[in-house]
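A.B. asks: This structure is in structure tokens; I'll ask about it shortly.
The values are calculated or read from the model by the stated rules, or taken from the named source; none is laboratory data. Since this is a predicted model, take the numbers as computed values, not measurements. We place every Cβ from the backbone using ideal geometry, glycine too, and count neighbours over all the protein chains shown. Side chains included, ligands, DNA and RNA excluded: accessible areas come from the protein's heavy atoms. Shrake-Rupley method; radii C 1.70, N 1.55, O 1.52, S 1.80 Å.
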Amino acid sequence: MKTILIIENNEDVRENLREFFEIEGFKVIHTQGGRTGIELAQQFTPDLVLCNLLMPGMSGYEVLKSLSRSDRTNGIPFIFSTVVSDRIIREKALELGADDYIIKPYELNTLLEMVNFRIATGK
């Protein structure tokens, strides 16, 4: 069973994603904040991280940078989920090492395809 770590500050979105991915056969670890997300990634080494880009306290950029610096977590596929559709921000996210970027609102099946692809390819 593959494990997904969801880092999302919006509780409704986080719970909907958790439920969806559990129904699809994934183990889901989730949190509302970046710092806790980093701790969970270090503890559980998930197969993929799905992280909101803009969060209070610690942005998704900071989460990605922190995970990239650790030997334990730097190879985990990382997808940003965000309402920001700006091309420059998307390019920055990918330059920092994100493997993909999906803009809210999105179809859950589109996200599932993206997640399955990233887990299968390891990036």
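A.B. asks: From the set of residues in the stretch 10-24 that are of a type outside the set (Phe, Trp, Tyr) and touching a helix residue (DSSP H, G or I) at 6+ places or on another chain (Cβ under 9 Å), which is surrounded by the most Cβ atoms within 10 Å (Cβ to Cβ)?
C.D. replies: We begin by selecting, within the stretch 10-24, every residue of a type outside the set (Phe, Trp, Tyr); these are 10-19, 22-24.
Among the residues that remain, those that are also touching a helix residue (DSSP H, G or I) at 6+ places or on another chain (Cβ under 9 Å) are: 16-17, 24.
Details: 16: 13, 17: 20, 24: 15.
By that ranking, first place goes to 17.
A.B. asks: OK, next. Can you name every residue in the stretch 88-123 that is outside any helix (DSSP H, G or I) and in contact with a Pro (Cβ under 7 Å, 6 or more places away or on another chain)?
C.D. replies: Narrowing the stretch 88-123 to residues outside any helix (DSSP H, G or I): 96-107, 122-123.
Residues satisfying the conditions are 99, 122, 123.
A.B. asks: Could you check the stretch 25-62 and list, in sequence order, the residues that are open to solvent by 20 Å² or more (accessible area, probe 1.4 Å), within 11 Å of the chain's Cα centre (by Cα) and closer than 11 Å to residue 8 by Cβ?
C.D. replies: 30
A.B. asks: Ok, one more. Output the number of residues of the stretch 65-82 satisfying the condition of being within 16 Å of residue 8 (Cα to Cα) and in contact (Cβ under 8 Å) with a residue 40 or more places away in the chain.
C.D. replies: Looking only at that region, the number is 1.
A.B. asks: Taking the condition open to solvent by 80 Å² or more (accessible area, probe 1.4 Å), touching a residue at least 12 places away in the same chain (Cβ under 8 Å), in a loop (DSSP other than H, G, I, E, B) and hydroxyl-bearing (Ser, Thr, Tyr), does residue 85 pass? Steps first, please.
C.D. replies: Values: open to solvent by 80 Å² or more (accessible area, probe 1.4 Å): yes; touching a residue at least 12 places away in the same chain (Cβ under 8 Å): yes; in a loop (DSSP other than H, G, I, E, B): yes; hydroxyl-bearing (Ser, Thr, Tyr): yes.
Judged against the criteria, residue 85 is a match.
Listed here are the residues, each with its yes/no results for (1) of a type outside the set (Asp, Glu); (2) out of contact with any Asp or Glu (no Cβ under 6 Å at 6 or more places or on another chain); (3) not in a loop (DSSP other than H, G, I, E, B).
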position: 5; (1), (2), (3): yes, yes, yes
position: 13; (1), (2), (3): yes, yes, yes
position: 19; (1), (2), (3): no, yes, yes
position: 22; (1), (2), (3): no, yes, yes
position: 25; (1), (2), (3): yes, yes, no
position: 28; (1), (2), (3): yes, no, yes
position: 35; (1), (2), (3): yes, yes, yes
position: 38; (1), (2), (3): yes, yes, yes
position: 46; (1), (2), (3): yes, yes, no
